[in-house]
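Have a look at the structure below before the remarks.
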Ligand code: SF4
């Protein structure tokens, strides 16, 4: 099983771009002015990048779940 999963509350996104600035390998801005992830599930090698994106989001729209124990990391 892939270890982590993103839960993205896209309706909350205000297009601040912070996630894109912090983790452009997995977050990109779309034509609607909102962000979107490229990959929903990932392993340890991409955790730091996605955590930085989630921490930077001013409206806390990005959440990361550990799928092994269902812990919500952010
Ligand atoms: S940082 Fe948050 S509000 Fe800004 S684009 Fe990313 S998800 Fe949207």
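The values are calculated or read from the model by the stated rules, or taken from the named source; none is laboratory data. Quick caveat, the model's predicted, so the values are computed rather than measured. Using ideal geometry, Cβ is built from the backbone for each residue, glycine included, and neighbour counts are taken over all protein chains shown.
Side notes on the structure shown:
- In segment 10-19, the residues that are more than 6 Å from the ligand (Cβ to nearest atom) and over 14 Å from residue 40 (Cβ atoms): 11, 12
- Segment 21-36, subset under 28 Å from residue 68 (Cβ atoms) and near the ligand (Cβ under 10 Å from one of its atoms), residue surrounded by the fewest Cβ atoms within 10 Å (Cβ to Cβ): 28
- Residue 4 vs. criteria more than 13 Å from the ligand (Cβ to nearest atom) and surrounded by 15 or more Cβ atoms within 10 Å (Cβ to Cβ): yes
- Hits in segment 59-70 (condition: surrounded by 11 or more Cβ atoms within 10 Å (Cβ to Cβ) and either more than 6 Å from the ligand (Cβ to nearest atom) or at pLDDT below 95 (or both)): 60, 63, 64, 65, 66, 67
- Within segment 11-67, the residues that satisfy the criterion of being free of Cβ contacts under 8 Å to residues at least 24 places away in the same chain, assigned to a loop (DSSP other than H, G, I, E, B) and over 25 Å from residue 1 (Cβ atoms) are 15, 17, 24, 30, 31, 32, 33.
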